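A.B. asks: Got a structure for you, written out below as structure tokens; questions coming shortly.
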């Protein structure tokens, strides 16, 4: 289980690099555009996925093992440029790694890749 924790922690750090690439023209973004988190769970355990803003932790849903899930981040959390972190809590484990802080704006799609254990 410790090896899983290390791999998940490394994957959560990788979410920062994946979310920073944007191919948008410099224009006004729609403040009501939906923002999504895509979780590519390549590991066996199911994971409960949370978004963390400041001291708040909001459950987004369940990412089943060996599958890809897409969650909409609540609009009240993404109002303009905000910094968020994500947590993947493996079912049956007592460790739940948290990603680095990333900057998100309305309309973004952030990808979280959890490697196989």
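The values are calculated or read from the model by the stated rules, or taken from the named source; none is laboratory data. Computed from a predicted structure; not experimentally measured. Please note: Cβ atoms are built from the backbone with ideal geometry, for glycine as well, and neighbour counts cover all protein chains shown.
A.B. asks: Residues that are touching a helix residue (DSSP H, G or I) at 6+ places or on another chain (Cβ under 6 Å): find the strands (runs of 3 or more DSSP E) completely inside the range 39-102 holding 1 or more of those.
C.D. replies: 82-90
A.B. asks: When you scan the range 40-59, how many residues do you find that are over 15 Å from residue 100 (Cα atoms), surrounded by fewer than 14 Cβ atoms within 10 Å (Cβ to Cβ) and modelled with pLDDT under 95?
C.D. replies: So the answer is 2.
A.B. asks: Here is a follow-up. What number of residues within the range 1-39 satisfy the criterion of being modelled with pLDDT under 90, surrounded by 17 or more Cβ atoms within 10 Å (Cβ to Cβ) and over 22 Å from residue 93 (Cα atoms)?
C.D. replies: Result for the range 1-39: 1.
A.B. asks: Another question, then. Residues that are surrounded by fewer than 16 Cβ atoms within 10 Å (Cβ to Cβ), over 15 Å from the mean Cα position of the chain (by Cα) and closer than 17 Å to residue 39 by Cβ: does the range 70-89 have at least one?
C.D. replies: no
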